[in-house]
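The values are calculated or read from the model by the stated rules, or taken from the named source; none is laboratory data. From a predicted model like this one, the values you see are computed outputs, not experimental measurements. Glycine also receives a Cβ, built like all others from the backbone with ideal geometry; neighbour counts cover every protein chain displayed. Areas reflect the complete protein model, heavy atoms only, side chains present, ligands, DNA and RNA absent. Shrake-Rupley method; radii C 1.70, N 1.55, O 1.52, S 1.80 Å.
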Amino acid sequence: MTNVIIGRCAVRVVRRGGWNWGPSPRRILDGVVHSLPELLTRKLAQILDTETDYEFSAPVRVRIPLRLSDLIDDVPTRVATGACATHESAGSFETRLEDALREALNLRVGLIAEPSQGELDAEEAVAVPRLVVPGDRLPGGAPQRLLMAWHDRGELEARLANFTFAELESWHARLLVRPSDSRQLPDGVTIEGAETIDDFVIRRVPSNRGGEATEPLRQRLILAMQLAAHFRILPNHPVVRETLDRLLPIGGQRDASVARTRGSDQQRQHPPTGSVTRSSETERQLPTARLHAPTPTRLSTTEAENWEVHVPCALPFLLLGPLAKLGYFEALDAVLDVAELSREATHFARVLAYKVLDPPERGWRRSPGSIVTATAFAGQRIPIGEEGLTQFAHRIAPHTGLLDRLLADALVRGYTRGTAPMLWCAQDEGPSGFLLTDVDGCFPIVWVDDLATLPNLLKQLGSAVLLVCGTGANSTVLSEVAKLGLSFVTVLAPTRGEPWREIRQGPVRLGWTNHEMPSSVLVLQAACNLASASDESNGLWEALAVQRPGIVCADRPMLECTATLAAATAAGTIAWELWRNRERTTPQAVLQYFKDFDANIRFTDESVSVRLPMGRRRDDLSRAGLLDPVSGIPWFRGRVVEFGVA
């Protein structure tokens, strides 16, 4: 059994969400206190390397949200005695504890572990060099963490395939151009295996590098993440950059040594295990990261003080949970870093808040309550004018595509296959373009400027028919949709002799379509949803895009669209979780239901406490799991958002 020594362990059980302590309050506390030491010992022995000594001198804090049912039945006691194998709640408790320990100790699955057999050929599996850094996670910025998470989930290549050339250039510059701290190996770091980085890269460089101009940038990012995972190497280390510049340069032809190395690769004799192969040109050592995690940004003296504010609407804070579960803030943190706007994350917070607060009078004059709420939501005490928002919108505009795609991917995965989505054509007010929404829940799937992307989107959704409506819907738009080979259903009648057919259900005309079989079940079902879907999409567009501008008089709509999609997705999730079993749900209904849902917000060095008034609305949110703690919000700088009772 692995020896685990814990100098001091303090356990605190906090009651949240309205549940009581049950008939035997002491029973819960005693069960947790008595079973936790053995459970911690067992879990630490599982996740740590038994052949390596670890010492964590800094305090380790573990937070595990649980329901009352997870504690009331002596779950911790079952876990400690090994009886949890047949107990569902205990299994969940163990999994949550293991995940929390890995996060607290900076241990990530897939970064310290050996490479998977599927990724390596038989020869590589024999000896793969890596740097062993005891008990530490490879440090790096938010972009690296996001790409590494995609790599661990096997999504990296698919995600990067959707990057534009401008995005690839920005991310490549951020990850592979900025210099790292050192070339040297620190004390305590060893090398296992004998292959060099050159060998690793050569086996993965594509032999045919033809195609789009974006491909070299994409391949370099993929290789950099593979190197980071297998060698524990920072992507921007000089050794990585030099290797990629030689073997996978941007533009021009690859170094001739690659072909020679490929030809002689099978005859290469590997040096003994434990030695380091050195370059023929210069003596090179494998790089590594520092032995400590990156220091979080410290709050200023003013921001670090404990302070409290009352806000007339807590809805912006309710958006955090649904977006966090989609990984939105992890991506936002990376986008802000790439755009060099991390210090201006509060601007994004204010834009997002204004999307769900009171509409400004005359289109520009915000109410005092909205200003107070948006300021508190950004973690600030003093309101700031909107001039900075305009400048922020200009700078972040080229980088917002990733955030929109992240939401679109999540909504596509949850889409009900076979149903017809609504294409809302917006031309009169607000940003012009096309909004594709889900009929069930009125979720905004994607915002597009070019209709040419529709066939691929509909293929992903598994839809054969498209509902088309909106202020900008006309015969020209419908003709373009038809040229793309798509079938549509609309309320517009043909005006120029278009070969559209009536959709009739008995004596009632439901609309028009270019489908060959207007009386088919597929077309009739879509036509029956046309009126309600059109009204709901119109209400969504009016409420969030037209009436509630995130930036007054914004001349670049990219951030406006991004904030609209984020707010609508989060509000739609709240509506879906609360009311889907009793009525149709829309994001704009949440704006009305929670517009006067006030709260007291208390800021400390470690947390942001949102204390909500007791009542039906809070109880409904709690039962739906919408008041769980949220962490990783970029503008709160490490503070955890917790929901309590006012």
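Among the conditions (1) in contact with a Phe, Trp or Tyr (Cβ under 9 Å, 6 or more places away or on another chain); (2) within 22 Å of Leu591 (Cβ to Cβ), the only one that Ile371 does not satisfy is (1). Each residue in region 409-422 was checked for being within 25 Å of Thr164 (Cβ to Cβ) and touching a residue at least 60 places away in the same chain (Cβ under 8 Å), and 2 pass. Going by what's in this entry, would Ser519 be described as open to solvent by 60 Å² or more (accessible area, probe 1.4 Å) and among the hydroxyl-bearing types (Ser, Thr, Tyr)? Here the answer is yes, as Ser519 does meet what is asked.
Among residues that are closer than 27 Å to Pro587 by Cβ, under 37 Å from the mean Cα position of the chain (by Cα) and in contact (Cβ under 8 Å) with a residue 24 or more places away in the chain, Ala482 is not included. Could you give every pair whose Cβ atoms fall below 9 Å, whose first residue belongs to region 239-257 and is on the phi > 0 side of the Ramachandran plot, and whose second residue is at pLDDT 65 or above and open to solvent by 60 Å² or more (accessible area, probe 1.4 Å), counting only separations of at least 6 or pairs across chains? Taking only residues 6 or more apart or on different chains, the pairs are Gly251/Ala213. Please indicate, with yes or no, whether at least one residue in region 496-514 is open to solvent by less than 40 Å² (accessible area, probe 1.4 Å) and assigned to a helix (DSSP H, G or I). Scanning region 496-514, I find no residue that is open to solvent by less than 40 Å² (accessible area, probe 1.4 Å) and assigned to a helix (DSSP H, G or I), so the answer is no. Would you confirm whether or not region 606-627 contains a residue that is under 30 Å from Val338 (Cβ atoms), touching a residue at least 60 places away in the same chain (Cβ under 8 Å), open to solvent by 30 Å² or more (accessible area, probe 1.4 Å) and in a loop (DSSP other than H, G, I, E, B)? No, every residue in region 606-627 fails to be under 30 Å from Val338 (Cβ atoms), touching a residue at least 60 places away in the same chain (Cβ under 8 Å), open to solvent by 30 Å² or more (accessible area, probe 1.4 Å) and in a loop (DSSP other than H, G, I, E, B). The condition of being open to solvent by 10 Å² or more (accessible area, probe 1.4 Å), in contact with a Leu (Cβ under 9 Å, 6 or more places away or on another chain) and more than 26 Å from Phe443 (Cα to Cα) holds for only one of Glu308, Glu340, Glu344, that being Glu344. Within region 300-337, the only residue that satisfies the criterion of being outside any strand (DSSP E or B), β-branched (Val, Ile, Thr) and modelled with pLDDT of 95 or more is Val335. Just need a number here: residues in region 522-558 that are surrounded by 20 or more Cβ atoms within 10 Å (Cβ to Cβ) and either touching a Lys or Arg at 6+ places or on another chain (Cβ under 8 Å) or free of Cβ contacts under 8 Å to residues at least 24 places away in the same chain (or both). Count: 4. Can you confirm whether Trp635 is modelled with pLDDT of 95 or more, aromatic (Phe, Trp, Tyr), surrounded by 22 or more Cβ atoms within 10 Å (Cβ to Cβ) and in contact with a Gly (Cβ under 9 Å, 6 or more places away or on another chain)? Against the criterion (modelled with pLDDT of 95 or more, aromatic (Phe, Trp, Tyr), surrounded by 22 or more Cβ atoms within 10 Å (Cβ to Cβ) and in contact with a Gly (Cβ under 9 Å, 6 or more places away or on another chain)), Trp635 qualifies. Take the conditions (1) out of contact with any helix residue (DSSP H, G or I) (no Cβ under 7 Å at 6 or more places or on another chain); (2) surrounded by 24 or more Cβ atoms within 10 Å (Cβ to Cβ); (3) under 22 Å from Trp541 (Cα atoms); Leu319 misses just one of them, which is (1).
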